[in-house]
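Encoded as structure tokens, the structure appears first; notes follow it.
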Amino acid sequence: MGKIKVLVVDDSAIVRKILSEELSKYDDIEVVGAAPDPFVARNKILSLKPDVITLDVEMPRMDGLTFLKKLMRHYPMPVIVVSALTQKGGKLALQALELGAVEVLAKPGGSFSVGNMSMQLADKVRAAARVTVFKEKQSGIGGSPSTDQPIHSLAETSNKVIAIGASTGGTEALKKVLKMMPVNVPGIAVVQHMPATFTRSFAERLNEVCQIEVREAKNNDTISPGTALIAPGNYHMTVRRSGARYYVEVKNGPMVHHQRPSVDVLFKTTAKYVGANAIGVILTGMGADGAQGLREMKDAGARTIAQNEATCVVFGMPKEAIKLGAVDNVVPIDNIAEQIIKAV
């Protein structure tokens, strides 16, 4: 396979320069062009035929979301949204994921430096390059109501914990799983690789469409039935136990598998403190984050589930977990919720 060809689309000349320079440091990536707005980008896409586009969602002349809609309708291709690290930026980025973007990254600024961004951006470009984007796309979180019927057959239980990890493609996969959860499902702890502030918007959008309560986790939140806690971006989330109560710790710390939050951090602490009372689920994503942790959960007696290759946007994390012998059941995304309930 040749170099991955990238087109950078951003109205800021400084951002275009930073992204181009950082991506050009990697031997397997080639920045073939840059564009200040969607009109210039459209022509460059046709002439340069990039494999991946990085796209700002706040631009003059035509905003990034409008451009993305047109792109997915007429010339679908992998898009990474590069957005400002603000509440508004987070909401726009989520809308972009619903419209067909495959990844999201925060622009450098404040505590998030260019150095932090560089390796993450390269990894996201590699993941995006593996994705096949089709014109037909399922409705997103903010679209028309889903026909998915929540699962209701579940005895009241509070002594179990469901731990879920996801990355590339995970926002839509998690929506499918959590929408099917009944109100009396055991407490759920989720790590989805996303930047800070974006996770709060993500949790709020999920909460609007799920029977259960979905919210961004805070330190010492109890893992309780009928609730899903989403790890906040840029913080690890661990599971702890105090008597009969399970709760989460939200804390800083070094990146694991280039990620913070890390699925491995969640899974390993779930294995230690919940053991056989846990259910571990690993969904679509690039890399190996979560594979070793899921193996530790299985070794501790937990039931473990992985999304199958055919329904993954990127079959990386589930594949690595399967290779480690960490998975009891490999199933399509539409059957994950049912498998969780069976495991409970």
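The values are calculated or read from the model by the stated rules, or taken from the named source; none is laboratory data. Everything numeric here is computed off the predicted structure, so don't read it as measured data. No Cβ is skipped: glycine too gets one built from the backbone with ideal geometry, and neighbour counts run over all protein chains shown.
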Check your understanding: Within segment 221-244, is even one residue within 22 Å of Met181 (Cα to Cα), of a type in the set (D, E, K, R) and assigned to a loop (DSSP other than H, G, I, E, B)?
Key -> yes
**Study point:** Hey, Ala300 at pLDDT 95 or above and among the small types (Gly, Ala, Ser) or not
**Key:** yes
Point to revise | Any hit, segment 199-219, residues being within 24 Å of Ala84 (Cα to Cα), of a type in the set (Val, Ile, Thr), assigned to a loop (DSSP other than H, G, I, E, B) and in the same structural domain as Asp334 (by TED's automatic domain parsing) | key: no
Study note, to complete from the structure: Expected output for segment 331-344 (first residue assigned by TED's automatic domain parsing to the domain that holds Ala189, partner part of a helix (DSSP H, G or I) and among the basic types (Lys, Arg), Cβ below 6 Å, 6+ apart or cross-chain) is Ile333/Lys176
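Output the residue which, of all residues in segment 307-333 that are of a type in the set (Gly, Ala, Ser) and either in contact with a Gly (Cβ under 6 Å, 6 or more places away or on another chain) or not in a helix (DSSP H, G or I) (or both), is nearest to Thr168 (Cα to Cα).
Once the filter is applied, the top-ranked residue is Gly316.
Of the residues Gln307, Gln339, which is surrounded by 22 or more Cβ atoms within 10 Å (Cβ to Cβ), in contact with a strand residue (DSSP E or B) (Cβ under 8 Å, 6 or more places away or on another chain) and either within 30 Å of Val133 (Cα to Cα) or of a type in the set (Asp, Glu) (or both)?
Testing whether each residue is surrounded by 22 or more Cβ atoms within 10 Å (Cβ to Cβ), in contact with a strand residue (DSSP E or B) (Cβ under 8 Å, 6 or more places away or on another chain) and either within 30 Å of Val133 (Cα to Cα) or of a type in the set (Asp, Glu) (or both) leaves just Gln307.
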Review point. Do the conditions hold for Glu249, that is, is it part of a strand (DSSP E or B) and farther than 20 Å from Ile212 by Cβ?
Key: yes
Check your understanding: Exactly one of (1) under 20 Å from the mean Cα position of the chain (by Cα); (2) among the hydrophobic types (A, V, I, L, M, F, W, C); (3) at pLDDT 90 or above; (4) surrounded by fewer than 21 Cβ atoms within 10 Å (Cβ to Cβ) is unmet by Leu48. Its number?
Key -> (1)
Check your understanding: Can you tell me which residues in segment 252-286 are out of contact with any Ser or Thr (no Cβ under 7 Å at 6 or more places or on another chain), modelled with pLDDT under 95 and in a strand (DSSP E or B)?
Key -> Gln259
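Checking the condition surrounded by fewer than 19 Cβ atoms within 10 Å (Cβ to Cβ), within 19 Å of Met119 (Cβ to Cβ) and hydroxyl-bearing (Ser, Thr, Tyr), which residue from Ser24, Ser12 passes?
Details: Ser12 fails: within 19 Å of Met119 (Cβ to Cβ).
Result of the check over Ser24, Ser12: Ser24.
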Exercise for review: Taking the residues in segment 200-219 that are closer than 19 Å to Ala93 by Cα and in contact (Cβ under 8 Å) with a residue 40 or more places away in the chain as candidates, determine which candidate is surrounded by the fewest Cβ atoms within 10 Å (Cβ to Cβ).
Suggested key: Glu208
Review point. Before we move on, is Glu30 touching a Ser or Thr at 6+ places or on another chain (Cβ under 9 Å), farther than 24 Å from Leu92 by Cα, surrounded by fewer than 19 Cβ atoms within 10 Å (Cβ to Cβ) and of a type in the set (D, E, K, R)?
Key: yes
